[in-house]
């Protein structure tokens with residue numbers, strides 16, 4: 001996770017329904033949300049935040065297609081050109097026997113490709129520093145944060161007291 | 001909203017009746033233009049009866065799977081499956097006709113049903129403990145009665161729950177008991193039924209994958225038909241509680257079991273081919289040489305197209321793509337069953353047929369001699385127009401039966417413990 005270099009003002013909630021409600025309220029008041037933090041995925045949060053659909057699956061399809069081609073063409077080259085061997089009296093180019101391996105490599109390529117792409121996008125590599133807004137969001141609290149440049153602290157304060165936040169804090173991350 | 005009873009517009013009833021009449025005309029047409037043994041008529045009757053009966057079985061099977069698995073998402077439209085399973089009554093009648101035919105020798109669908117063959121043919125003689133007239137009639141029809149018993153139990157309890165349900169969930173607990181009991185029963189009897197009804201048209205041939213392969217086929221069709229019926233009912237203003245979230249899950253099932261079917265389709269071939277089981281290659285030999293369009297088209301319609309179309313997230317949520325894939329897959333698996341049944345029955349008709357027609361004989365000879373192996377004969381090596389008409393008739397019969405039983409009770413279980421979960425279902 002990168003360093004943001006922003007000052008945020010954030011409210012702590014004790015229930016995910018309150019958080020979801022607050023997010024919807026903020027959206028309807030056109031307050032730009034910096035981020036939300038939760039110990040677990042909250043159902044409907046993607047929609048409420050208006051996040052666009054992930055494009056990871058397109059990458060997954062491309063990796064899978066590459067895997068299919070690598071496996072099929074690779075085996076074709078090996079068993080017909082490079083080192084032809086007769087297995088079980090079958091022809092050199094024994095397509096049905098290639099199918100299971102082609103399937104496996106498709107799955108392997110798309111799974112590894114998507115995992116590595118996901119890590120790269122999120123910057124999740126060994127030694128990464130992970131700034132936590134509030135450690136309690138890894139346990140039982142939920143948090144909604146505004147960038148102080150987008151939303152003034154007084155606006156944020158009135159919003160948080162209205163939407164039932166337990167406490168309001170500021171922090172530089 | 002939950003207590004709605006459906007009342008179909010008359011226009012739709014007329015359309016269903018017209019489809020039914022098309023089916024009837026097709027049946028008469030096939031019967032009138034047939035050989036003396038009525039091979040084409042009986043094979044089409046067997047094909048459609050088995051297909052739609054197994055679709056009804058898969059409906060009650062999947063309902064019981066969901067009840068046993070504490071699944072809540074489907075509760076809002078669960079009664080559609082309950083009503084689909086009531087086609088088993090019609091299925092009992094249709095399979096009863098075919099069983100009577102086996103008993104009294106009205107047709108030559110099954111080689112093993114011939115007295116002379118059963119005594120002289122070593123392989124068929126070895127299987128005669130299972131493949132005999134008595135077991136076909138009592139066993140086959142007994143299975144349908146058994147399935148219907150559970151379908152009736154599930155329906156009775158869910159309807160009783162509407163009026164008498166309370167916080168003790170007595171009806172729900174009984175449903176769980178019967179659903180769990182049904183799963184192993186359905187597992188074994190469906191396999192035996194597929195052996196009896198479909199695999200035994202090739203009595204010399206044997207495949208361990210076949211029962212799974214055929215039931216997976218019918219499972220995908222059942223999901224496709226559920227989607228189509230639900231979209232139809234929604235277009236008529238019912239089932240407001242069924243949202244794109246439910247369709248998304250149904251779409252996932254269609255996608256997943258399409259791949260499952262392909263796995264079985266391929267593995268059946270692969271095990272025989274790679275295991276060097278030469279005597280079992282006859283099944284594929286016949287189909288690849290005499291039915292190439294169906295054999296390869298089968299894979300395109302039932303795997304390649306649904307796989308590519310349903311892969312994306314949004315195609316499982318939109319009516320347009322769901323309708324296209326639903327129809328494609330439903331017809332595709334009907335064709336799949338066509339090519340499971342047709343070659344074996346035509347072969348049997350030719351072997352036994354002192355009265356086999358030139359048409360039936362021709363189809364067989366074309367393959368054996370290979371010289372003119374690519375001549376297709378409507379209704380024999382590819383489904384002809386009357387076959388499609390007959391399918392439409394059966395679809396109308398199936399849908400009419402489903403809607404009839406659906407209209408007898410509230411569309412949504414009112415007191416099901418998972419009802420709220422289902423109404424707020426979110427993928």
Label points 7 Å out from Cα along the Cβ direction at residue A:155 and residue A:103: separation in nm? 5.6
On a 0 to 90 degree scale, rounded to 10, what angle separates helix B:358-369 from the longest Cα axis of chain B? 70
Roughly how many Å is it from the Cα centre of the range A:117-159 to that of the range B:53-101, as a whole number? 51
So for chain A, averaging the separation of alpha carbon pairs under 8 Å that are six or more residues apart and normalising by length, what relative contact order in percent results? 54
Report the Cα centroid-to-centroid distance between the range B:393-427 and the range B:128-161 in angstrom, as an integer. 22
On the formula 1/(1 + (r/R0)^6), with r taken between the Cβ atoms of residue B:285 and residue B:324 and R0 of 30 Å, the FRET efficiency rounded to 0.05 is 0.35
When a/c reaches 1.5 or more, the comparison of a/b and b/c decides; with that in mind, is the range B:139-252 rounded, prolate or oblate per its Cα gyration tensor? oblate
Gain in length, residue A:162 to residue A:52, computed as 0.36 nm per residue apart minus the alpha-carbon separation, to one decimal in nm? 36.8 nm
Would you order A:122, B:64 from fewest to most other beta-carbon atoms within 10 Å of each residue's own beta-carbon? A:122, B:64
Normalising by the residue count of chain B, find the relative contact order in percent from Cα pairs under 8 Å and 6+ residues apart. 33
Using a Förster distance of 51 Å, the FRET efficiency for residue B:103-residue B:232 (Cβ separation, nearest 0.05): 0.85
Which angle between 0 and 90 degrees, to the nearest 10, do you get for helix A:56-77 versus the longest principal axis of chain A when only C-alpha atoms count? 10
Fewest-first sequence of B:17, A:38 by Cβ atoms within 10 Å of each Cβ: B:17, A:38
Just A:33, A:12, A:85 to compare: in a GNM of chain A, with alpha carbon springs under 10 Å, which one fluctuates most? A:85
In degrees, nearest 10, the alpha-carbon axis of helix B:210-235 is tilted away from the dominant principal axis of the alpha carbons of chain B by 40
If I take every Cα pair under 8 Å that is 6 or more residues apart in the range A:56-122, average their sequence separation and divide by the length, what percent do I get for the relative contact order? 55
At R0 = 35 Å, how high is the FRET efficiency between residue B:407 and residue B:29 if r is their beta carbon distance? Nearest 0.05 is fine. 0.65
With a 10 Å Cβ neighbour count serving as the proxy for reagent exposure, in which order, fewest first, do B:116, B:111 appear? B:116, B:111
Just report the Cα centroid separation between the range B:261-338 and the range B:164-185, whole Å. 36
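Values quoted throughout were computed directly from the atomic coordinates according to the rules given, and no laboratory measurement underlies them. Everything numeric in this text was worked out from a predicted model, so none of it was measured. Every residue, glycine as well, gets a Cβ built from its backbone with ideal geometry; the counts of neighbours run over all protein chains shown.
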